[in-house]
Amino acid sequence: MIVLGIETSCDETGVALIDADRGLLAHRLYSQTDLHAVYGGVVPELASRDHIQRLLPLVSAVLDEAGVDGHDLDAVVYTGGPGLLGALLTGASVARSLAWGWGIPALAVHHLEGHLLAPFLEDTGLDFPFLVLQVSGGHTQLIHARALGDYDLIGESIDDAAGEAFDKTAKLLGLGYPGGPALARLAEQGRSDALRLPRPMLDRPGLDMSFSGLKTAVLTALKKQVYRPEDVARAFEEAVTDTLVEKTRRGLEQTEAPALVVAGGVAANTTLRAGLKAMAQRQGVPVYFPRPEFCTDNGAMIALAGLRRLQAGQVTETGAPVVAARARWPLAELAPPAVA
Ligand code: ATP
Ligand code: MG
Ligand code: FE
C-alpha cells in the first residue's frame with residue numbers, strides 16, 4: 001500500500017510518499033517562514049496562496065524521486081484540521097482532486113494524530129498504549145493514547161501553548177519570528193544560575209499547565225536591565241522544561257502508561273529532550289521522540305497517520321471530491337478507524 005500525504009495546516013507545505021512495506025519513499029517540505037517573517041507572524045491569506053503555488057510541484061517531486069506514478073497509489077491523505085481554514089482548504093482541494101483524477105480514495109486526517117504518530121516513522125519498538133506530551137505552536141497537551149484513534153485528553157495549558165510561549169518570549173528578546181529555535185540557540189550561551197523564573201502551577205496538583213505568566217516574568221526581568229539576554233533565555237527554557245517534565249511525570253504516574261511519546265515542534269528542543277529523557281529513565285519508562293525534522297509540521301507524519309488508518313481498514317469515500325476541512329477539531333472527538 002502506497003499513500004501520498006499532504007500537510008497544509010499552517011505555514012509549511014509538506015508532501016510525502018509512504019509505503020506500508022518499505023516505509024518513507026520520499027518527502028519534501030517548503031517552509032513559508034521568510035514570507036511571514038516581515039509581519040512577525042503567519043498571515044493566513046498569504047499562507048493559502050503560497051500553498052497553492054507549492055503543492056503540485058512538490059507532489060511531482062516526490063513521485064519522481066520515488067519513481068511512482070499517481071495511478072499506482074492506493075490513497076491520498078491530507079490534514080483535515082485543526083489549523084488555518086484557508087490553508088487547510090488548499091491541501092484538501094488538491095488532495096481530493098488528485099485522488100478523484102487517479103480514481104483512488106482520499107482521507108482527511110487529524111493534524112495532532114499526525115504529530116503524535118510521528119515517532120512511528122522510525123524503526124522503534126513503540127506500540128500502544130502510551131502517554132503523549134504534545135508540545136507545539138498551538139497545543140500543549142498530555143494525551144493518554146490507548147489505541148489508534150482512542151485518545152484521552154488528561155491535561156493541557158490553560159493559556160499559551162509552549163511553542164507560543166517560546167515565540168512570544170523570543171519576540172521580547174528581539175529574536176524575530178519564529179523565535180523558538182533562535183531562543184534555544186541563545187539559551188545555549190546562557191548561565192543557569194543568573195536568574196530563576198517561576199515554575200507555573202507546579203505548586204498545584206493536577207495536570208494542567210500555564211505559560212503566559214512566564215512571558216510576563218521575562219518582561220519584568222528584561223526591564224531591570226541587569227540580566228544578559230542569553231541568561232534570560234536560559235532561565236526561560238529551564239522553567240518551561242521543569243514544568244513540562246514534572247507535569248509529564250505526574251501524567252505517567254496517573255495513567256501508568258508503559259511508554260512516553262513527545263511530539264510537536266517544541267519536542268525538537270534539546271534541553272527539553274534531555275530533561276524528559278532523564279525523568280523517563282528515573283520512572284523506568286522508555287521515551288520516543290520523532291527525529292527533529294519530523295517534530296515540526298511535515299507531510300511524512302500525515303502520510304503515516306493515513307496509512308495506519310487505512311491499514312486498520314478505515315473506510316473512505318470515493319467518487320466526486322468532497323472537501324472536508326475543520327479549523328477547530330478536538331482530538332478527543334476522533335474514533336478508532338471505522339471499518340466497513
Ligand atoms: P499545532 O501543531 O499545535 O497546530 P504548529 O503546527 O504551528 O501548531 P509545530 O509546527 O508543531 O506547531 O511547532 C512549531 C512550534 O515549535 C513553534 O512555536 C516553534 O517556535 C517551536 N519550536 C521549533 N523548534 C524549537 C526548538 N528547538 N525549541 C523550542 N521551540 C521550538
Ligand atoms: Mg510552522
Ligand atoms: Fe503542527
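When you scan the stretch 87-96, how many residues do you find that are over 19 Å from the mean Cα position of the chain (by Cα) and within 16 Å of ligand 2 (Cβ to nearest atom)?
Looking only at that region, the number is 1.
When both residues are 6+ apart or on different chains and their Cβ atoms are under 7 Å apart, which pairs have a first residue that lies in the stretch 97-124 and is within 16 Å of ligand 2 (Cβ to nearest atom), and a second that is aromatic (Phe, Trp, Tyr)?
If the second residue must be aromatic (Phe, Trp, Tyr), the pairs left are Ala118/Phe294.
Hey, among the residues in the stretch 40-59 that are of a type outside the set (A, V, I, L, M, F, W, C) and in contact (Cβ under 8 Å) with a residue 24 or more places away in the chain, which one's surrounded by the most Cβ atoms within 10 Å (Cβ to Cβ)?
Within the stretch 40-59, the match that is surrounded by the most Cβ atoms within 10 Å (Cβ to Cβ) is His51.
Any residue in the stretch 289-309 that is within 17 Å of Asp127 (Cβ to Cβ) and in contact (Cβ under 8 Å) with a residue 24 or more places away in the chain sitting within a Cβ distance under 6 Å of a residue that is part of a loop (DSSP other than H, G, I, E, B) and away from ligand 1 (no atom under 12 Å from the Cβ)? List the pairs, counting only those 6 or more apart or interchain.
From residues that are within 17 Å of Asp127 (Cβ to Cβ) and in contact (Cβ under 8 Å) with a residue 24 or more places away in the chain, the pairs are Arg308/Leu148; Arg309/Pro337.
Across the stretch 31-52, what is the number of residues that are in contact with a strand residue (DSSP E or B) (Cβ under 9 Å, 6 or more places away or on another chain) and more than 16 Å from ligand 3 (Cβ to nearest atom)?
1
Can you pull out the helices (runs of 4 or more DSSP H) entirely within the stretch 223-330 that have at least 1 residues that are closer than 24 Å to Leu25 by Cβ and touching a Leu at 6+ places or on another chain (Cβ under 8 Å)? Explain how you work it out, then say what you get.
Values: elements: 229-255, 270-283, 299-311.
Of the helices (runs of 4 or more DSSP H) lying wholly inside the stretch 223-330, those with at least 1 residues that are closer than 24 Å to Leu25 by Cβ and touching a Leu at 6+ places or on another chain (Cβ under 8 Å) span 299-311.
Checking the condition in contact with a Lys or Arg (Cβ under 6 Å, 6 or more places away or on another chain) and either among the β-branched types (Val, Ile, Thr) or modelled with pLDDT under 95 (or both), which residue from Thr220, Thr243, Thr216, Thr248 passes?
Numbers: Thr220 fails: in contact with a Lys or Arg (Cβ under 6 Å, 6 or more places away or on another chain); Thr216 fails: in contact with a Lys or Arg (Cβ under 6 Å, 6 or more places away or on another chain); Thr248 fails: in contact with a Lys or Arg (Cβ under 6 Å, 6 or more places away or on another chain).
It is Thr243.
For the subset of the stretch 66-86 comprising residues that are of a type in the set (Val, Ile, Thr) and over 19 Å from the mean Cα position of the chain (by Cα), which member is farthest from ligand 3 (Cβ to nearest atom)?
Going through the qualifying residues, I end up with Val68.
Filtering the stretch 114-138 down to residues that are within 19 Å of Ala325 (Cα to Cα) and crowded, with 24+ Cβ neighbours inside 10 Å, which residue is nearest to ligand 3 (Cβ to nearest atom)?
His115
Can you pull out the residues in the stretch 164-183 that are surrounded by fewer than 20 Cβ atoms within 10 Å (Cβ to Cβ) and within 6 Å of ligand 1 (Cβ to nearest atom)?
Answer for the stretch 164-183, where residues must be surrounded by fewer than 20 Cβ atoms within 10 Å (Cβ to Cβ) and within 6 Å of ligand 1 (Cβ to nearest atom): just Pro181.
Restricting to the stretch 249-302, and then to whatever is loosely packed, with under 15 Cβ neighbours inside 10 Å and within 16 Å of ligand 2 (Cβ to nearest atom), can you tell me which residue is nearest to Thr33 (Cα to Cα)?
Glu293
Before we move on, is Leu202 away from ligand 3 (no atom under 16 Å from the Cβ), in the same structural domain as Ile143 (by TED's automatic domain parsing), within 25 Å of Phe130 (Cα to Cα) and of a type outside the set (S, T, N, Q)?
Against the criterion (away from ligand 3 (no atom under 16 Å from the Cβ), in the same structural domain as Ile143 (by TED's automatic domain parsing), within 25 Å of Phe130 (Cα to Cα) and of a type outside the set (S, T, N, Q)), Leu202 qualifies.
Arg22: basic (Lys, Arg) and buried (at least 20 other Cβ atoms within 10 Å of the Cβ), yes or no?
no
Just checking, does the stretch 126-135 include any residue being assigned to a strand (DSSP E or B) and within 16 Å of ligand 2 (Cβ to nearest atom)?
Yes, there is a match, as at least one residue in the stretch 126-135 is assigned to a strand (DSSP E or B) and within 16 Å of ligand 2 (Cβ to nearest atom).
Among the residues of the stretch 148-166 satisfying the criterion of being of a type in the set (A, V, I, L, M, F, W, C) and within 16 Å of ligand 3 (Cβ to nearest atom), which is nearest to Pro178 (Cα to Cα)?
Phe166
Please name all residue pairs, on different chains or six or more residues apart, with Cβ atoms under 7 Å, provided the first residue is in the stretch 13-32 and is in contact (Cβ under 8 Å) with a residue 60 or more places away in the chain and of a type in the set (Lys, Arg) and the second residue is part of a strand (DSSP E or B) and buried (at least 19 other Cβ atoms within 10 Å of the Cβ).
Arg28/Val15
Here is a list: Leu35, Leu63. Which entry is more than 20 Å from the chain's Cα centre (by Cα) and farther than 24 Å from Ala182 by Cβ?
Details: Leu35 fails: farther than 24 Å from Ala182 by Cβ.
Only one candidate passes the filter, namely Leu63.
The values are calculated or read from the model by the stated rules, or taken from the named source; none is laboratory data. Because the structure is a prediction, the values reported are computed rather than measured. Please note: Cβ atoms are built from the backbone with ideal geometry, for glycine as well, and neighbour counts cover all protein chains shown.
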